[in-house]
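One structure below.
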Amino acid sequence: MATFNRLDPSDFVVSSDAISATLWSTQTPTLTTFFTSSTQEAGSSGDFYLTVYQTASTLANAEPQFEIAYGNALGSGSLVYNSAINGLSPTTTIFGQYQDLVLGDENSNFTFGAITSSEFYAISFQRARYKQALLLGSLTLTIKGPIAASGSITLTDNSAYVSTTTFTEAGRVYQLISGSSGTANTSRQANGYTVDSGSYGWLLPDIGTILINPKALAAPTSSGGIGFVYSGSASGSGVPVVSPMTALYQAISASANFQINSQETITSDFIFIRARSSEFNYSENPSFISGSTGEVLYNQFINSPQTYITTVGMYNDNNELLAVAKLSRPLPKDFTSEALIRVKLDF
């Protein structure tokens, strides 16, 4: 029987739940194996970024996990486009793109802690990996130093230590500090920064990006760094011996410890459908009615009717069906019972 009742505002309840999950396609919290593609590196995109996979890129189950890029305002770290125009190279393009994306102003600078920098490493996660945003406090990224004596450093975000959130054109921004899983390593320095080079970078959770401050990594161990520098041309006029992207990839791969989770907010509408004792007790099923006289064939259906609710449809004022809820099993209904059906709409 198709029966319509208008819903009241009190029948609607809105609920939001934040759901976190591992970001990696391996379905594990920590990514420990890293691979690149020689085809991608040798291609036109290889001058701008390096794609990192969870397994060999030639395998069928290989999926991109993140990209590594290097931006430099002076063009250092990559071959210039035109030898007659010094300083214009893929690294200047990357720097300008992130200026526009993150700062919204080509004349603004990236400030890590209190230190302004003209360069950065960028780790951008695949859009399908992080869903809505990166989960604050879940980052643990270990970067290995170039020599055994320099050791390694583990980075996380300072979201647990700030009372006021800073915003850029790309949404929220948090400083990278020494530590793991959102907890600072105060043995290096009280605020988790380096001594003279500021923070270790930025976490931009709303665009799934990490910017790493090269000056902080290059600082000596006594100042909180690991002496990490790439080997290449300082002017951008020559081909680096090891590109900045490859150098950072090797340092991350050698550490085998990259943990971060994704987060998304699921908004649900709960709609409460009430079937009172006097409602929804009769059926219009043709098998109950005589085709020739139109009379009810079964007297007990007149005096003691019983129906089974199987479906709830939600319509607008134009009688257009907007949503359908199916019950897991038919729900008996008669004059001696009432029913309360909760419909959940996720979007």
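The values are calculated or read from the model by the stated rules, or taken from the named source; none is laboratory data. Because the structure is a prediction, the values reported are computed rather than measured. Cβ atoms come from the backbone with ideal geometry, glycine included; neighbour counts cover every protein chain shown. Ligands, DNA and RNA are excluded from the accessible area calculation, which covers all protein heavy atoms including side chains. Shrake-Rupley method; radii C 1.70, N 1.55, O 1.52, S 1.80 Å.
Remarks
- Surface composition of region 46-171: carbon and sulfur atoms hold 51% of the protein heavy-atom accessible area at a 1.4 Å probe.
- Counting only alpha carbon atoms, the long axis of helix 244-255 and the longest principal axis of the chain meet at about 70°.
- Set of aspartates and glutamates near LYS326 by C-alpha distance (under 20 Å), chain-local residues within fewer than 8 positions excluded: ASP11, ASP269, GLU279, GLU284, ASP334, GLU338, ASP346
- Label zone at LEU101, where the point sits 7 Å out along the Cα-to-Cβ direction: region 65-90 residues whose backbone N lies under 17 Å: 65-73, 90
- If you run the Gaussian network model on the chain, springs between alpha carbon atoms under 10 Å, then out of LYS326, LYS144, LYS131 the most flexible one is LYS326.
- Relative contact order of region 65-125, defined on C-alpha pairs under 8 angstrom at six or more residues apart (%): 42 percent
- 1.4 Å probe accessible area per residue over region 218-331, in Å²: 57 Å²
- Rounded FRET efficiency, nearest 0.05, which uses the C-beta distance separating SER15 from GLN250 and R0 of 45 Å: 0.45
- Taken over the C-alpha atoms, the chain has Rg and Dmax values of 30.1, 99 angstrom.
- For the pair GLN126 and SER45, label points projected 7 Å from Cα toward Cβ lie 1.1 nm apart.
- Counting only residues at least eight positions apart within a chain, or on another chain, the aspartates and glutamates with an alpha carbon under 13 Å from that of LYS131 are ASP206, GLU264.
- Contact order normalised by residue count of region 93-183, Cα under 8 Å, 6+ apart, percent: 26 percent
- Solvent-free Debye scattering, log10 I(q)/I(0), computed from the Cα coordinates of region 213-347 at q = 0.18, 0.22 Å⁻¹: -1.13, -1.31
- Heavy-atom accessible surface of region 175-219: percent carbon and sulfur, 1.4 Å: 45 percent
- Relative contact order for the chain, counting Cα pairs under 8 Å that sit 6 or more residues apart, in percent: 19 percent
- Rule-of-thumb Rg ratio for region 108-214 [Cα; 2.2 N^0.38 Å; N residues]: 1.03
- For GLN126, distant residues with modelled amide H under 5 Å away: PHE66, GLU67
- Rounded to the nearest 500, the 222 nm mean residue ellipticity of the chain from helices alone is -3000 deg cm²/dmol, with -39,500 (n - 2.57) taken per DSSP H run of at least 4 residues.
- Two-decimal log10 I(q)/I(0) for region 33-91, as the Debye equation yields it once each C-alpha is a single scatterer, q = 0.20 Å⁻¹: -0.74
- Most to least packed among 119-127, 244-252, 14-22 [average Cβ atoms within 10 Å]: 244-252, 119-127, 14-22
- Solvent-accessible heavy-atom area per residue, rounded to whole Å², over region 10-124 at 1.4 Å: 48 Å²
- Using R0 = 56 Å, the C-beta based FRET efficiency linking ALA84 and GLU264 works out to 0.70.
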